[in-house]
């Protein structure tokens, strides 16, 4: 009974909004302005059946995941440096806060001037991820129980053993939360960068050309691809991080 209730509760919202979309499209009556869900579904099915669709999708995923990984690693390194050294904290923290406060569009336009077109989405994604991971990891390090650190010193734990047994369990929940937030930021910023810099194979490029050539059903279809991939990636990321936390506890 509980499973049926969960299934219904999950189905109600999509069915409701699909109905609203269909009614709105029927009311407008112009596919150029608002295509209906059936037309968008047919357009998406046609795109999925082409090799170019999968090449484009994998190219976008590769760029954004490359930027995500680079931003996560840079955020961890900076968090460790700023937590370990007051001088480095004074020097580096303002720069990270400036990155956090700068609008995404400004970063995209600046990076377009400085980097090759194909690398712009990855660089922008990394810049969006870095402050989030830095802030969360820094908070996790600061919240480490001082009594556990004293115990580690008393038992003469080495540096790496202290990191593994004391710091890692404290930082992991903050790190997991930061990665979950960073994934959404990287995905949206990366696709937005593709729309502005128009690399050769990219979902953002297809969105841009669909808008330019007034192919509204394709515009909706590619936007739907972005949404579906975002939901799937968040689910996969959440599952991996949950398993990582469970493995750390055991």
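The values are calculated or read from the model by the stated rules, or taken from the named source; none is laboratory data. Owing to the predicted nature of the structure, the values given are computational and were not obtained by experimental measurement. Here Cβ is always computed from backbone atoms with ideal geometry, including for glycine, and neighbour counts include all displayed protein chains.
Details
- Just one of the numbered conditions (1) touching a residue at least 40 places away in the same chain (Cβ under 8 Å); (2) in contact with a helix residue (DSSP H, G or I) (Cβ under 8 Å, 6 or more places away or on another chain); (3) within 21 Å of residue 28 (Cα to Cα) is not true of residue 198: (3).
- Scanning the range 164-186 for residues that are surrounded by fewer than 23 Cβ atoms within 10 Å (Cβ to Cβ), farther than 16 Å from residue 240 by Cα and within 20 Å of the chain's Cα centre (by Cα) yields a count of 1.
- Any hit, the range 101-124, residues being more than 30 Å from residue 202 (Cα to Cα), without any contact (Cβ under 8 Å) to a residue 12 or more places away in the chain and exposed (fewer than 15 other Cβ atoms within 10 Å of the Cβ): no
- First in the range 208-222 and surrounded by fewer than 17 Cβ atoms within 10 Å (Cβ to Cβ), second anywhere and in a loop (DSSP other than H, G, I, E, B), Cβ under 9 Å, 6 or more apart: 209/198; 209/215; 214/32
- Every pair of residues 6+ apart whose Cβ atoms lie under 7 Å, when the first sits in the range 41-63 and is over 28 Å from residue 25 (Cβ atoms) while the second is at pLDDT 95 or above and surrounded by fewer than 19 Cβ atoms within 10 Å (Cβ to Cβ): none
- Only one of 70, 95, 19 that is over 23 Å from residue 215 (Cβ atoms) and either surrounded by fewer than 10 Cβ atoms within 10 Å (Cβ to Cβ) or in contact (Cβ under 8 Å) with a residue 40 or more places away in the chain (or both): 70
- Meets criteria (over 27 Å from residue 117 (Cα atoms), touching a residue at least 60 places away in the same chain (Cβ under 8 Å) and in a helix (DSSP H, G or I)) for residue 172: yes
- The set of residues from the range 194-226 being under 13 Å from residue 61 (Cα atoms) and part of a helix (DSSP H, G or I) comprises 194, 203, 204, 225, 226.
- Of all residues in the range 22-50 being part of a loop (DSSP other than H, G, I, E, B) and more than 29 Å from the chain's Cα centre (by Cα), the one that is modelled with the lowest pLDDT: 29
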